[in-house]
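Please treat every number below as a calculation from the coordinates, not as lab data. Computed from a predicted model, the values in this text were never measured in an experiment. Because the Cβ atoms are built from the backbone with ideal geometry, glycine has one as well, and the counts that use them run over all protein chains shown.
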């Protein structure tokens with residue numbers, strides 16, 4: 001069994017992806033910026049959109065997952081690539097003190113550690129994740145999430161004085 | 001309470017045979033023995049950096065492998081949020097310390113994505129020249145490490161002899177042997193010293209003539225090498241893509257993916273090189289890939305030296321960088337795979353969020369999948385296939 005790689009012109013492929021997502025799902029925003037498809041969806045649709053990307057459109061590579069703490073809400077970016085340079089940036093925003101979003105591990109198994117890292121650093125829980133433990137920090141006796149904006153590093157004051 | 005939690009945590013990481021054994025704890029093999037848990041690392045003489053593997057062993061066969069990381073975690077992403085854009089570059093050197101140039105390049109590309117600065121062509125050539133030298137300085141020792149893990153001591157001496165000479169070149173160009181801080185936003189720190197292109201050329205010619213003898217003839221046909229690596233760590237293409245592998249571990253299964261060609265950055269479209277693939281998908285194939293990629297790097301370095309234009313090495317930039325709001329992405333093909341940087345800017349002079357996608361981190365997921373079923377001593381050759389670097393997976 002071999003992995004089939006996409007063929008054809010990059011621009012046509014990106015347009016195809018944009019239409020492919022647009023026809024199947026309700027997108028909040030969709031555009032092509034600097035050689036990549038950028039779409040914004042509601043948090044409940046993420047799993048369905050990822051499934052479309054992998055199964056219907058053949059975008060097989062999940063590059064990484066970035067979480068951004070927007071103070072009060074979290075912005076999650078899924079960066080996908082089709083192994084021939086066609087990029088898809090999928091964004092969603094989740095609200096709340098204890099944010100929860102569906103896991104991508106069922107669709108992209110590589111999301112396993114990316115989601116564990118996000119859980120460790122931000123406290124974002126991924127519902128349905130098979131193994132949601134902390135990745136870097138201590139498993140016990142440490143209830144902080146270091147990349148939250150509310151977690152100040154001790155030298156912060158020095159930097160603010162310099163700025 | 002705690003022990004119950006622990007049990008659930010451990011159970012969730014089990015593979016199928018181990019889970020079955022846990023469900024029926026009274027089952028013993030024909031000698032009445034059960035599996036034992038063993039912790040390998042973080043301070044193990046053969047381990048690559050600070051990694052702990054929790055292994056469940058049935059005799060000498062691994063049933064479960066659960067990597068534990070974080071022993072070198074410095075929270076680079078948090079530090080980067082508290083520094084101005086140019087001040088993050090020296091930190092990226094400390095990520096994957098066998099691919100410093102690639103880390104710098106990836107970060108700088110992400111910032112330039114937001115700035116729309118024009119980088120002079122000479123600077124682009126120098127960046128690629130340095131990146132390819134760095135790839136040689138990473139691939140050759142990784143072959144040496146693989147052989148060291150199999151018990152052969154000579155190749156690591158040859159490998160470090162070559163790395164030492166490349167580091168001397170780096171020292172002459174950048175002023176540092178490992179932590180360069182050379183590639184800057186908008187160009188590179190300084191032009192090459194006048195005598196260096198000739199020295200690099202002489203060194204590369206010498207390496208090319210030694211290469212076959214020192215790294216191919218010495219290793220490739222060796223019976224012990226073949227018996228320890230052929231068929232070890234074998235994986236299919238689907239599995240490799242599913243696990244998000246990139247770089248040599250992906251290409252050794254036959255998936256033809258190299259960011260230098262498929263997501264071109266810098267001046268790679270102007271240069272000629274081949275993307276090397278292999279079909280075996282085991283440790284031996286990854287060794288062959290690295291050998292062939294070294295030769296491609298030599299080809300690229302020669303082309304860079306031949307085609308390098310004259311001119312400035314730094315673009316026109318203000319003193320204080322305030323990139324526009326939005327997302328900046330930078331991707332490079334590091335020796336271990338896809339190194340990506342995602343910067344979120346809020347328009348101020350410090351990044352709002354920096355995220356690194358490190359190839360060692362993603363490629364290591366294959367340990368959980370591939371190691372079960374292998375013998376305990378096969379773990380080290382499989383680590384040689386991935387060639388992870390501690391600073392990379394721990395950020």
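Which whole-number value in Å³ per residue fits the convex hull of the alpha carbons of the protein assembly as shown?
Spelled out: Cα convex hull of the protein assembly as shown, divided by residues, is 158 Å³.
Got the relative contact order for chain A handy, in percent, Cα pairs under 8 Å and 6 or more residues apart?
Relative contact order for chain A comes out at 17 percent.
Can you work out D for segment B:147-297 in µm² s⁻¹ from Stokes-Einstein, where Rh is the Kirkwood radius over C-alpha pairs, the temperature is 37 °C and the viscosity is 0.692 mPa s?
So the translational diffusion coefficient is about 184 µm²/s.
Let me confirm one metric for peptide A:67-75, namely the mean number of other chain beta-carbon atoms within 10 Å of its residues' beta-carbons.
For this peptide, the per-residue mean of nearby foreign Cβ atoms is 2.
With angles folded into 0 to 90 degrees, how steeply does helix B:121-149 sit against the dominant principal axis of chain B? Use alpha carbons for both and round to 10.
The answer is roughly 20 degrees.
Quick one: Cα centre-to-centre distance for segment A:1-19 and segment A:70-148, in angstrom?
Answer, in whole Å: 27.
Given the C-alpha atoms of segment B:115-212, compute the convex hull and give its volume per residue in Å³.
Hull volume normalised by residue count: 112 Å³.
Based on Cα coordinates alone, diagonalise the gyration tensor for segment A:10-158, multiply each eigenvalue by 5, take square roots, and list the semi-axes in whole Å, largest first.
Working through the eigenvalues yields semi-axes of 30, 16, 14 Å.
Whole Å is fine, so just give me how far the alpha carbon centre of segment B:40-118 lies from that of segment B:213-229.
Taking the Cα centre of segment B:213-229 as reference, the centre of segment B:40-118 is 30 Å away.
Calculate, in whole percent, how much of the Cα-Cα pair population of segment B:105-167 lies beyond 13 Å.
Summing the P(r) tail past 13 Å for segment B:105-167 gives 69 percent.
Which residue, B:321, B:95, B:366, tops the fluctuation ranking in a GNM of chain B built on C-alpha contacts under 10 Å?
Result for chain B, Cα springs under 10 Å: B:321 fluctuates most.
Using packing as a proxy for protection, rank B:138-146, B:161-169 so that the peptide with the highest average count of other Cβ atoms within 10 Å comes first.
Averaged packing, sorted descending, gives the order B:138-146, B:161-169.
With springs only between Cα atoms under 10 Å apart, run a GNM on chain B and tell me which of B:295, B:245, B:133 wobbles the most.
Checking each option, the largest mean-square fluctuation is seen for B:295.
Once the Cα atoms of helix B:154-174 and of chain B are each reduced to a long axis, what angle between those two axes, in degrees from 0 to 90 to the nearest 10, is obtained?
Helix B:154-174 sits roughly 30 degrees off the main axis of chain B.
Grab the eigenvalues of the alpha-carbon gyration tensor for chain B, scale each by 5, take roots, and send me the semi-axes largest first in whole angstrom.
Working through the eigenvalues yields semi-axes of 39, 27, 16 Å.
What is the order of B:334, B:131, fewest Cβ neighbours within 10 Å to most?
With the fewest neighbours first, B:334, B:131 line up as B:131, B:334.
When Cβ neighbours within 10 Å are restricted to other protein chains, what is their mean count per residue of peptide A:102-114?
3
Return the average number of partner chain Cβ atoms within 10 angstrom of each residue Cβ along peptide B:233-239.
2
Once both axes come from the Cα atoms, what is the angle between helix B:2-12 and the longest principal axis of chain B, in degrees from 0 to 90, rounded to 10?
The angle comes out at about 80 degrees.
Any chance you could get the radius of gyration and Dmax over the Cα atoms of segment B:300-395, in Å?
19.6, 58
Based only on other Cβ atoms within 10 Å, what is the fewest-to-most ordering of B:260, B:210, B:322, B:290?
Fewest-to-most ranking of B:260, B:210, B:322, B:290: B:210, B:322, B:260, B:290.
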